[in-house]
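These notes concern the structure reproduced below.
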Amino acid sequence: MVGGWQEHILLKYQPHFINGIPEFTGSLSPTWHGIVSAIFSTQNIANLLHANVGFKVGDGRNIRFWTDSWLDSTTTLQLLFPRLYNLSLQQKSSLADIYNLTDTSFNLSWRKPLRPSENCMRESLIAEVQCGLIFSDGVDRKLWKFHSSGMYSTQSGCVLFDSLSATENNHSPVLLWNGYASPKVDVFIWLLLHGSLSTRSFLAERRIINYEESHCSFCCKETKTINHLFHWCPITWSLWGRFLNWFGCSGCLHKDPNQNLQEWSGLINGNFQRRAITLLCKGLYWSIWIARNRLIFESKAPDWDMIFDLTFHRLVFWLKSSVRNFSYTGSDLFRNPECIMNWTN
């Protein structure tokens, strides 16, 4: 089944392969346009894919001589010899078309006669190939260098992309996609960390609403940015203050939601305890967002006492989804944070 789909896609779209990764040109179906856009809209992700695909040379028919990193795991002959690549008439040719693996002869064609300096480059190219080429019997194989088996898996790909995301944005995938909160809450937190929530300032910047309409729904004073809505608004800050008092500490909030998630998880030792505090922090963000939406769309003024209490019940629901024998209720947590601190499985 996979082979049939692969052949269908290759025949229909005729992608150009660079280091084993297809690059599409022309019009694509909505499905493939979405997939390609998700991968290649961020250059770092495309670079990451290219860097982690290698080749084991067999008959040389499925390896691009110039553009695949078959000779060296980190670069291509196109990058090593850019002048010769520009002069070549075989830029898309396979290794087998240019290099005879049986008698080790070359079949290189050029757009014009080579100058003496370019002939020196050609000799260097030939020496590079003859010294570095290692081939085996059978057909060419793609290797996924991120895994010791050489085989690509969705799990290894996700780990690699998560490591890139955590490095670039400092958004820890462990804190985000851990499966403890409900999926819609994790999606909401992801949007929050990337600054993509549809706050009034977000909509005003895109001219969906006027700037005069972008004031905070709670305090009606400042422009409702993400940082103001969740951290700096005196109304929402009072809710955070109540939870800090419940936890028996005082402090201030970092302006970055991701830093808050990490700092809250560092308030306590123990895997379960850190999970619970991180979920509590997520629940606070979610509760503020729900209160904001109900105020805007349903004209329901938030009852902060009820929201404070509901956050504990939501936390218990999430905890019991992963720790079946967690015996406390939301009311127990409301009365005593020691229920979390002293819990052991």
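Worth a mention:
- Qualifying positions in the range 97-128 - without any contact (Cβ under 8 Å) to a residue 24 or more places away in the chain, charged (D, E, K, R) and farther than 23 Å from SER69 by Cβ: ASP103, ARG115
- The residues of the range 319-336 that are surrounded by 20 or more Cβ atoms within 10 Å (Cβ to Cβ) and closer than 17 Å to LYS184 by Cα amount to a single one, LEU319.
- Only one entry in LEU71, LEU108, LEU114, LEU79 is of a type outside the set (Phe, Trp, Tyr), at pLDDT below 90 and outside any helix (DSSP H, G or I), namely LEU71.
- Taking the criterion of being among the hydroxyl-bearing types (Ser, Thr, Tyr) and at pLDDT 85 or above, the residues of the range 289-322 that qualify are SER299, THR311.
- Subset tally (residues that are of a type outside the set (Gly, Ala, Ser) and more than 35 Å from the chain's Cα centre (by Cα)) for the range 323-338: 7
- Those residues of the range 323-335 which are of a type in the set (S, T, N, Q) and either modelled with pLDDT under 85 or not assigned by TED's automatic domain parsing to the domain that holds GLY270 (or both), in sequence order: ASN325, SER327
- Taking each residue of the range 322-345 that is in contact (Cβ under 8 Å) with a residue 40 or more places away in the chain and within 16 Å of ASN271 (Cβ to Cβ) and looking for partners that are loosely packed, with under 12 Cβ neighbours inside 10 Å and among the small types (Gly, Ala, Ser) with beta-carbon atoms closer than 8 Å, six or more apart or interchain, yields SER322/GLY179.
- Filter pass, TRP289 being without any contact (Cβ under 8 Å) to a residue 60 or more places away in the chain and aromatic (Phe, Trp, Tyr): no
- Flag for THR76 being touching an Asp or Glu at 6+ places or on another chain (Cβ under 8 Å) and of a type in the set (Ser, Thr, Tyr): yes
- When the test is whether a residue is hydrophobic (A, V, I, L, M, F, W, C), within 15 Å of PHE243 (Cβ to Cβ), surrounded by 15 or more Cβ atoms within 10 Å (Cβ to Cβ) and in contact (Cβ under 8 Å) with a residue 60 or more places away in the chain, TRP304 passes it.
- Filter pass, ALA276 being crowded, with 20+ Cβ neighbours inside 10 Å, small (Gly, Ala, Ser) and in the same structural domain as CYS220 (by TED's automatic domain parsing): yes
- Close pairs from the range 129-157: first at negative phi, partner modelled with pLDDT under 75 and not in a loop (DSSP other than H, G, I, E, B), Cβ under 7 Å, at least 6 apart: PHE146/LEU160
The values are calculated or read from the model by the stated rules, or taken from the named source; none is laboratory data. On a predicted model such as this, the values are computed, not experimentally measured, just so you know. Ideal geometry is used to build each Cβ from the backbone, glycine not excepted, and the neighbour counts take in all protein chains shown.
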